[in-house]
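This report concerns only the one structure given below.
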Amino acid sequence: MKQHSQSAARAPMPDMPKTGTGSSWVTSMRKELTRNRFLYMLLVPVAIYLLLFKYAPMAGEIIAFKNYRLSDGIWGSSWVGFQQFEKLFASREFYIVLKNTLLLNLYHLLFAFPAPILLAIMLNEVRVEWYKRTLQNLLYIPHFISWIVLGSIIIALLSPSTGIVNYLLKAIGIDPIYFMADKLWWPVTFIVSGIWKEAGFGTILYLAAMASIDPTLYEAAKIDGANKIKQIWHVTLPGIRSTIAILLILQVGKMMDVGFEQVYALRNPAVTSVAEVISTFVYTRGIVNLQYSYTTALGLFQSLIALILIVSVNRIIKALGERGLW
């Protein structure tokens with residue numbers, strides 16, 4: 001018994017698992033970088049782009065709290081605190097621009113956001129492969145045309161004197177409509193033209209999501225007697241629900257930003273009261289009139305509201321059981 005105890009005492013103890021240390025973390029990180037070095041190399045240009053054009057310019061947001069003058073520079077300009085924000089919130093123009101921005105984005109959310117979903121569902125039901133690919137190519141083309149070109153085409157089509165749309169309206173006894181100069185019809189033209197340009201290209205993500213749906217689910221639905229509409233409702237839409245949720249979060253995050261090119265290409269002085277949005281207002285007041293501090297304050301307010309919206313909608317989507325952005 002004594003000899004057994006002594007031999008047990010002399011026996012080497014088994015190696016205990018080591019806890020994570022700084023050196024082990026560095027080693028594992030080095031192995032990861034070595035193993036996937038080519039993938040990380042592909043990220044380098046993207047990281048440089050984000051640093052130079054997204055993060056570095058954020059230092060310039062300080063001019064929202066200054067009376068910025070080109071001759072004094074960012075750091076030499078006098079500090080005014082929240083004076084630019086007070087001036088912004090006291091301006092009647094700001095509330096008109098904010099209303100126009102929110103209304104156009106609301107119309108886009110109601111009418112333009114579902115358009116790619118419906119279009120993708122219809123394309124997914126096309127069984128003739130060459131016909132489906134031809135339709136997709138034709139639908140993608142407008143996305144690659146600039147708004148300056150498309151704007152000229154739209155203005156020509158809707159011209160009250162020479163446009164084909166008003167020519168057809170005259171043929172059925174309807175008086176010509178000044179689409180581009182009418183405050184009621186201009187937002188309609190804006191939304192429809194946006195759908196025309198982007199709906200086809202927006203189907204790509206939804207079609208990819210539909211391709212990942214298990215075909216046996218459709219077979220089971222057919223056995224249960226479900227027609228095409230019920231198959232779409234009970235199989236296709238649930239299958240792309242997570243994709244819709246993520247794109248909805250991103251779209252709500254853009255509620256404070258209509259975009260510049262489309263509005264600039266389609267607007268005119270007759271519809272300024274409904275067509276002036278934050279992006280064009282910043283261009284007019286900031287770049288043309290050199291009111292840099294004033295428009296930077298507006299941009300900072302715009303970014304803050306967008307951040308609140310995207311975080312709030314992300315929480316709602318996750319509360320409903322879907323996977324959010326984070």
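The values are calculated or read from the model by the stated rules, or taken from the named source; none is laboratory data. What you are looking at is a predicted structure, and each value in this text was computed from that prediction instead of being measured. Note: ideal-geometry Cβ built from the backbone for every residue, glycine included; neighbour counts use all protein chains shown. Side chains included, ligands, DNA and RNA excluded: accessible areas come from the protein's heavy atoms. Shrake-Rupley method; radii C 1.70, N 1.55, O 1.52, S 1.80 Å.
Observations
- Of the solvent-accessible surface of region 26-128, computed with a 1.4 Å probe over protein heavy atoms with every protein chain present, carbon and sulfur atoms account for 70 percent.
- Heavy-atom accessible area ranking, 1.4 Å probe, most first, across GLU129, GLU32: GLU129, GLU32
- Surface/4 estimate of mean projected area, convex hull on alpha-carbon atoms of the chain, nm²: 33.2
- Under 19 Å from the Cα of LYS31 - lysines, other chains or at least 8 residues apart: LYS18
- Restraint check, LYS99/LYS254; LYS197/LYS254; LYS66/LYS254; LYS99/LYS183; LYS66/LYS99, Cα-Cα greater than 22 Å: LYS66/LYS254; LYS66/LYS99
- Cα gyration tensor shape for region 224-326, rounded if a/c is under 1.5, else prolate or oblate: oblate
- Neighbourhood net charge (15 Å Cβ-Cβ; Lys/Arg +1, Asp/Glu -1) for SER77: 0
- Nearby aspartates and glutamates by direct alpha-carbon distance to LYS54 (threshold 13 angstrom, same-chain neighbours under 8 apart not counted): none
- For LYS230, a cut-off of 16 angstrom between C-alpha atoms picks up these lysines, skipping any fewer than 8 places away in its own chain: LYS222.
- Averaged over its residues, the chain has an accessible area of 65 Å² per residue, based on protein heavy atoms and a 1.4 Å probe.
- Ellipsoid semi-axes for region 59-150, based on the Cα gyration tensor and the rule √(5λ), read 48, 18, 11 Å when sorted largest first.
- Helix screen, the chain: DSSP H segments with Cα axial length of 18 Å or more and mean Kyte-Doolittle hydropathy at least 1.0 are 37-50, 185-211, 292-319.
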